[in-house]
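Values quoted throughout were computed directly from the atomic coordinates according to the rules given, and no laboratory measurement underlies them. Bear in mind that the values here come from a model prediction, so they are computed numbers and not experimental data. Reconstructed Cβ throughout: ideal geometry from the backbone, glycine too, with neighbour counts over all protein chains shown.
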Amino acid sequence: MDIVINNNLVHFDVINPQAQKTCLILHGWNHHSQLWQDVAQNLPPSYRYLLLDLPGFGNSPLLPETAGIPEYADFILNFIKKNNLKNPIVIGHSFGGQIAAYLAIKNPHLFSGLILISPSINRFKSTKQKLKIFIYHRFNFLKKILPSKLLRLVLSQITSTDYYNSSPAHQNILKKIVNHDLTKQLGQIQTPTFIIWGENDTEIPYSGQVIANQIKNSRLYLLHNANHNPHLDPQSQLVPTLKHIFNQIL
């Protein structure tokens, strides 16, 4: 389905359209709604699942390059209002979890349940990551003198996978997103919150317990042998864990 939000025609899919209760699923960076189809189709049929292509991914156009988390959150808020969604549950993965948490902070009664899967909420950097950032800025002049193929090889070694695989427009937005740390605001979340983290997640340093400690009404679930994208692994325990969480919310 397509709908106009903020003057942009954006795409979303609906599973179990006749159900009365609603769950909104927000995907991660460089992902899209289709990657969540298998998970949503195996969740409780008492819910209608809205799988939205976030701006700039799937079949939804990109927001302006000046956009950051507040602009993405405003987009989601307008989507919720235009579809007249009343207290939906939201599942947010990685970048989608960052947006969902921001919305829950700013709108305490917007969601009936907040499910965060490896959310990109706090931005603690390892020594290795700090070194890569230093090298990237210190040798930024190489962009102007290196052949394109050699430059891409160098960038692949000193930048994150998300940054390396993004277009220049996406990179400008990503720079703002990765510097938006919500850690100190997590205590403002009043929504019942469930945090899911993959045991073998290497894309974001493990911080599930840190997040759970900051959100008063929250529970943490660790997925054994799962990585940053448990929704793409049929062997992960994501679906059983989500079913258990839905039973807690009911």
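Label sites at residue 82 and residue 18, each approximated as a point 7 angstrom past Cα along Cα to Cβ, lie 2.8 nm apart.
Which length gain, in nm to one decimal place, applies between residue 183 and residue 249 when the Cα-Cα distance is subtracted from 0.36 nm times their residue separation? Walk me through the intermediate numbers first.
Values: separation 66, 0.36 × 66 = 23.76 nm, distance 2.43 nm.
Going from the current span to full extension adds 21.3 nm.
Expected output is a single nm value to one decimal: the length gained when fully extending between residue 71 and residue 41, i.e. 0.36 nm times separation in residues minus the C-alpha distance. What is it?
7.8 nm
Phi angles of region 49-65 translate, via the Karplus equation with coefficients 6.51, -1.76, 1.60 and θ = phi - 60°, into HN-Hα couplings of 9, 9, 10, 9, 7, 4, x, x, 9, x, 10, 10, x, 6, 6, x, 5 Hz per residue; Gly and Pro are given as x. Centre-to-centre, using Cα atoms only, region 185-220 and region 1-43 are separated by 23 Å. Straight-distance candidates among the aspartates and glutamates for linking to residue 106, with alpha-carbon spacing under 18 Å and chain neighbours fewer than 8 residues away dropped: 71, 74, 181. Stretched out straight at 0.36 nm per residue, the stretch from residue 175 to residue 224 would grow longer than its current Cα-Cα span by 14.5 nm.
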